[in-house]
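Step one of this worksheet: look at the structure below.
Every read-out reported here was derived from the displayed coordinates using simple, explicitly stated rules and does not represent laboratory data. Note that the structure is a prediction, hence the values are computed from the model and not measured. Quick reminder, even Gly has a Cβ in these numbers, built from the backbone with ideal geometry, and neighbours come from all protein chains shown.
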Amino acid sequence: MPLNWTPELDRTLLRVVTMNPDATWPEQAADLSAQTGFPITEDMARNRFRRVTNDIETHRATPPTDEIEVPEVPEGDYVGFDMAFFDIESTGLGAYGSEMTVACIVDQFGRSTVADKFEFEQKSVLDDRGLVVWLRDELEKYDILVAWYGTMFDIPYINARLIMHGERPLRDMMLIDPCFKARGGRYGLKIGGSKLKTVAKALRTTHQKPEVEWDTFRLAGFGDREALNIVRTRCADDCYTMRDIFARFKPMVRTIHR
């Protein structure tokens, strides 16, 4: 079962590694396991340390230590487009007979917001109305949306769930779908597959799409907290993976459609 790395665990990881720079990774992992109470392997410790330090260096995430501060853009100084890299997780591929379970938004600065349907008032365990309305309202705060296969799944699914709840659909917005840049063409790439996982592997991006069993999505849909945490993490990882890919794809973006 994947370990859910919390800011507290990240702080412990950085402290252990920086205080014992000459220790081997097996020794670091053993020390981490003893201090946190979680079984942490050598690969887990090494990979997470690289990711956290890379996030700090590139300002993709808030540093998990009090000593390192990421400067914030003063309000009113940023005049570029506000962009939302977003992803959803659902219990099925069709809006009739499934529900949205988790949604995540990562902005152009790498700040993320994750929510699940159980954070909102529900009539039953299947009720995702609060989540889809929240996501619609949050997305409409941005100028440009970026979603992998979003034109064919995410946007139609969100709008279908909204309308089924008697709510208005997402307003007409500018949208970039990087998926189609991986399918060839003059301003695309013939990678050999356009799935997010395939493209991320081909480009060796910092973030990679994690594997999650289908039963985990089903359990998350019924409120299993452990499964829900895994799905929330997966949703965020998808957004960061897409953001990494977009950084490489954006020179090929010629038009932004509404």
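Under unit Cβ charges (Lys, Arg +1; Asp, Glu -1), what dipole magnitude, rounded to 20 debye, does the chain have relative to its Cα centre?
1440
From the P(r) of the stretch 186-225, could you give the percentage of C-alpha pairs in the tail past 13 Å?
63
What percent antiparallel are the DSSP beta bridges of the chain, to the nearest 5?
Here the antiparallel bridges make up roughly 70 percent for the chain.
Find which of Ala247, Met152, Val132 sits farthest along the positive direction of the dipole of the stretch 126-258, computed with +1 on the beta-carbon of Lys and Arg, -1 on that of Asp and Glu, about the Cα centre.
The listed residue farthest towards the positive side: Ala247.
Taking N as the number of residues in the chain, what is its alpha-carbon radius of gyration divided by 2.2 N^0.38 Å?
1.07
To the nearest 20 debye, what is the magnitude of the charge dipole of the stretch 195-235 about its Cα centre, counting +1 on the Cβ of each Lys and Arg and -1 on the Cβ of each Asp and Glu?
320
If you take the charge dipole of the chain about its Cα centre, with +1 on Lys and Arg Cβ and -1 on Asp and Glu Cβ, which of Ser90, His257, Thr53 is farthest toward its positive end?
Projecting each Cα onto the dipole axis, the largest value belongs to His257.
Could you work out how far the C-alpha centroid of the stretch 93-133 sits from that of the stretch 151-178, in angstrom?
Spelled out, the Cα-based centre of one part sits 13 Å from the other.
With +1 on each Lys and Arg Cβ and -1 on each Asp and Glu Cβ, how big is the dipole of the stretch 7-58 about its Cα centre, in debye rounded to the nearest 20?
100
What translational diffusion coefficient, in µm²/s and rounded to a whole number, does the Stokes-Einstein relation yield for the stretch 109-258 at 25 °C and a viscosity of 0.890 mPa s, taking the hydrodynamic radius as the Kirkwood radius over Cα pairs?
147
Isolated Cys in the chain by the 4.7 Å beta carbon test?
Cys with no partner Cβ under 4.7 Å: Cys179, Cys239.
Checking the table Lys123/Lys195; Lys117/Lys209; Lys197/Lys250; Lys141/Lys250; Lys181/Lys209; Lys117/Lys141 against a 26 Å threshold on Cα-Cα, which pairs fail?
Lys123/Lys195
Charges on Cβ only, +1 for Lys and Arg, -1 for Asp and Glu, centred on the Cα centroid of the chain; of Tyr78, Thr113, Ser194, which one is farthest towards the dipole's positive end?
Selected residue: Ser194.
Can you give the extra length, in nm with one decimal, that the chain gains between Ile256 and Lys195 once fully stretched, where that is 0.36 nm per residue apart less the Cα-Cα distance?
That pair, Ile256 and Lys195, stretches by 19.9 nm at full extension.
Based on Cα positions only, what radius of gyration and what Dmax would you give for the stretch 88-188, in angstroms?
When restricted to the Cα atoms of the stretch 88-188, Rg and Dmax are 14.2, 50 Å.
So what does log10 I(q)/I(0) come out to for the stretch 7-58 at q = 0.30 Å⁻¹, using the Debye formula with one equal point on every Cα and no solvent?
-1.32
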